[in-house]
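The values are calculated or read from the model by the stated rules, or taken from the named source; none is laboratory data. If you're wondering where the values come from, they're calculated on a predicted model, not measured in any experiment. Positions of Cβ are generated from backbone atoms using ideal geometry, with glycine treated the same way; all protein chains shown enter the neighbour counts.
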Amino acid sequence: MKVLSLYNTFSKKERRFFVSALLVFVISLSLWGMSVFYGETVPEPVAGGSYIEAVVGQPATVNPLLANENGVDRDLIELLFANLLDLAENYTESEDHQSWTINLKEGLKWSDGEPLTSDDVVFTLEAIQDSNIQSPLYASWQGVIIERLSDQEIKLTLRNPYAFFADNLARLKIVPKHIFGAIPFENLRLSNYNLEPVGSGPYKFSRYDKRKDGFIEKYQLVENPYYVLKAPLIKNFAFRFFERSSNALNAFNTRAVQGLGGLNDSESQKIKTSHHLFTINSSQYYAVFFNPTINSALKDKNIRAALYKATDRKELIKKVFNNRAVLADGPILPFIEGYTAGDGESSSFNPEQARELLEKAGWTIAEDSKDNIRTKKIKDTVIRLSFNIVVPRIPFLIQTANILKNNWSAVGIGLNLTILDPRDIARDIIRTRNYQMLLFGNILNDNPDAFSFWHSSQRFYPGLNLALYENKNVDALLESIRQEFDVEKRAALLAELQEQIRKDQPALFLFSPYYLYAGPKNLGGLNAATIVMPADRFRAAGRWYLRTARIFK
């Protein structure tokens, strides 16, 4: 009242001054309070919200035993099934590195509430090892002896020590014996549980919506109350499926979905709505694999060296990916354990040196040549220096092949493209090794084990040595790397391996594209630095969040 009485004695000018001063004081006090609050608190993720991701394709077998090349299945599996090490309290390794004892956590349950025990682990591994199932994991687990020690404990014994076996354990998804145990292994693919799975991951299956023509439009997941780790912060996770990438992109632009992965650079530039673009290293690299058994010219090291010198790989990455790719300069990528950089000289772009190498090898361009393709006379037969390359029908690989064709043409080397569906290449071309050159991708695991790609025993199907490469020294290195547990010694072996393969040039290493993922501005927790497969973006999906709250430090 005294303040009011005093205010009434003010003149109009004094009243205006008083009100202005009071407003300044209140605003200053508020700003000071906010400054103190923000200075003494930090934002922390909190639970809540729903998330919908757009995916091109269809789920078929959401089952870790069966999922092969279908990325949709792998995406869902990553959210619905826990891996063995998440379920384990601890594990111990024997001194000879040949046996591993794994202790499961107490009280584990499947998403339907049934107990999860060592019986499920044993069942999973025995199923993988059964040839009737034709599991894609079959090769990785052959020769492993499985022993059940108790409800919570199992023992795995290897034929030979394997330095990267813990990575196999970290990727092994366990399936429920009480669901699949009564089904003959050869009938597993017919089970409805392949689309309505019972799992142990951060989310559990809720429902899916299907059109009359059988196309599944939406797949709904909810929080799994029995998940062994922390409950997911995003409580509801759904997928919407599309037949074309343009439709998925349109759904993102109209905010019908919040997430969209597997974008190429062109698609990322067509996003119109506010978003955050995550750029993630991928352990898949692409190369041109040479098959000297089909075209003997590729046996000549001068020609292989000339192909490197004729290829402007940095310009290729700029044109095809807008620089959103890593240059691959050998069998190990820069962000994988044990990588060592090459000298860069032998693989640098230098068309003039390419021409000199070809001239040295006896390949010349005739004065009357109409297409400027080099030739060489071998045993009274004139051979053209022209190669056929098989290319998957994937836009960025077709663009890459055409750039290679232009690069090589400039030094007198011809290149003819055969573009095929990727499935046909896997079934008909790779299986028979029926190609002179193959533009294809290799996927490294979480470790630098390159045995499958470069050991001479893997030259023929189902091996993945696509260059049919043979080098006894490299074979010995690959075998030693697998059994070397000392990190420093393994690093030395890896350095020698990379130096030898770079020297031999059995393939033209090109690039490793980034994985591009578009999400909302408020999406946090997606901290993957490197992924092996696109589904790995979900490896920590339980820590993704859409909401935050400030708490005191």
The residue from N83, N132 that alone is under 29 Å from the mean Cα position of the chain (by Cα) and modelled with pLDDT under 95 is N132
The number of residues in region 110-159 that are out of contact with any Asp or Glu (no Cβ under 6 Å at 6 or more places or on another chain), of a type in the set (S, T, Y) and not in a helix (DSSP H, G or I) is 5
Checked region 185-224 for anything free of Cβ contacts under 8 Å to residues at least 12 places away in the same chain and either aliphatic (A, V, I, L, M) or exposed (fewer than 12 other Cβ atoms within 10 Å of the Cβ) (or both); matches are N187, L190, N192, R211, K212, D213, G214
Filtering region 402-429 down to residues that are assigned to a helix (DSSP H, G or I) and buried (at least 20 other Cβ atoms within 10 Å of the Cβ) yields L404, N407, W408, I425
Restricted to region 312-371 and to residues being basic (K, R) and assigned by TED's automatic domain parsing to the domain that holds S296, the residue surrounded by the most Cβ atoms within 10 Å (Cβ to Cβ) is R313
Among strands (runs of 3 or more DSSP E) completely within region 256-315, the ones holding 2 or more residues that are of a type in the set (K, R) and over 26 Å from the mean Cα position of the chain (by Cα) are none
Those residues of region 495-517 which are of a type in the set (A, V, I, L, M) and buried (at least 23 other Cβ atoms within 10 Å of the Cβ) amount to L497, I501, A507, L510
Per the filter on region 446-491, residues surrounded by 17 or more Cβ atoms within 10 Å (Cβ to Cβ), part of a helix (DSSP H, G or I) and free of Cβ contacts under 8 Å to residues at least 12 places away in the same chain are Q458
Within region 41-89, of all residues that are among the acidic types (D, E) and touching a helix residue (DSSP H, G or I) at 6+ places or on another chain (Cβ under 9 Å), the one nearest to N522 (Cα to Cα) is E53
